[in-house]
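Enquirer: Dumping the structure here so I can ask a few things about it.
The values are calculated or read from the model by the stated rules, or taken from the named source; none is laboratory data. Predicted model only: the values in this text are computed from it and were never measured. With ideal geometry, Cβ positions are generated from the backbone for all residues, glycine too; neighbour counts draw on all protein chains shown. SASA here: full protein model, heavy atoms, side chains in, ligands and nucleic acids out. Shrake-Rupley method; radii C 1.70, N 1.55, O 1.52, S 1.80 Å.
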Amino acid sequence: LYRKESDMKTIYLVRHGRTRSNEEGRFQGWEDHPLSPVGQEQALSLKKRARDLMVTALYTSDLMRTKETARPLAEEKQLVPQALAAFREISFGEWEGCRIRDLRKTDSKAPADALADTDSSDTLRCLKTLQEGQARGMKGLNEVKDAMEDGTAVMVVSMAG
């Protein structure tokens, strides 16, 4: 099967810049955190690195850290980013705001440990949340792809999860 490059659709996936919570090893999930100074530099670096890409649209999650990451490139390209909840991080529930290392001391089933324990109800809860987030994100990506014209490229600034 032969496809011309002009028929292809390109989606660039970008993780948001660092926040203080990232630097402190905290779960953020749905908590809304701004970029740290390092994250702001990363956003400027994205603008420089993506300057020559022919991006026709920018999408972000509905959380501040993705919007701030996209802002310099959006200004450069004169684009208005579209914030979609589909690209939001998974929720960590009661673990949000907690340091991962502290959870390991106080919670016998911290997220990484819970996922490793196949007999744990915490594992099932974590997997369900992860699967729901993945399904939500894939649905969003498919909607973006379906709305694109052939030969165009867009960028999605989202989360690691």
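Enquirer: Can you compute 3J(HN,Hα) from phi for each residue in region 147-156, using the Karplus curve 6.51 cos²θ - 1.76 cosθ + 1.60 with θ = phi - 60°, rounded to whole Hz and x for Gly and Pro?
Expert: Rounded to whole hertz, the list is 7, 6, 8, 4, x, 9, 9, 10, 10, 10.
Enquirer: Now for a different question. Based on the mean of other beta carbon atoms within 10 Å per residue, what is the order of 55-62, 93-100, 145-152, 22-29, most packed first? Walk me through the intermediate numbers first.
Expert: Details: 55-62: 20.6, 93-100: 14.4, 145-152: 12.0, 22-29: 17.4.
In decreasing order of mean packing, 55-62, 93-100, 145-152, 22-29 become 55-62, 22-29, 93-100, 145-152.
Enquirer: Taking a threshold of 32 Å on the Cα-Cα distance, which of the pairs 105/139; 47/105; 105/145; 77/145 fall above it? Write down the numbers at each step before the final one.
Expert: Working: 105/139 37 Å; 47/105 40 Å; 105/145 43 Å; 77/145 20 Å.
Too far apart for the 32 Å limit: 105/139; 47/105; 105/145.
Enquirer: Counting only residues 5 or more places away or on other chains, whose amide H sits under 5 Å from the amide H of residue 153 once H atoms are built in the peptide plane?
Expert: 10, 56
Enquirer: A further question follows. Give me the percent of the accessible area of region 1-90 that comes from carbon and sulfur atoms, probe 1.4 Å, all protein chains in place.
Expert: Values: 2710 of 5440 Å².
In region 1-90, the share of accessible area belonging to carbon and sulfur is 50 percent.
Enquirer: Check which residues have an amide H placed less than 5 Å from residue 82's amide H, if you skip close sequence neighbours.
Expert: It is 58, 59, 60, by chain and number.
Enquirer: Using 7 Å Cα-to-Cβ label points, what is the residue 152/residue 48 separation (nm, one decimal)?
Expert: Here the answer is 3.0 nm between the modelled labels.
Enquirer: Provide the per-residue ³J(HN,Hα) series for region 13-22, in order, calculated from phi with Karplus coefficients 6.51, -1.76, 1.60 and θ = phi - 60°, each as a whole number of Hz, with x at glycine and proline positions.
Expert: Karplus values, whole Hz, x for Gly and Pro: 9, 10, 7, 4, x, 5, 10, 4, 5, 4.
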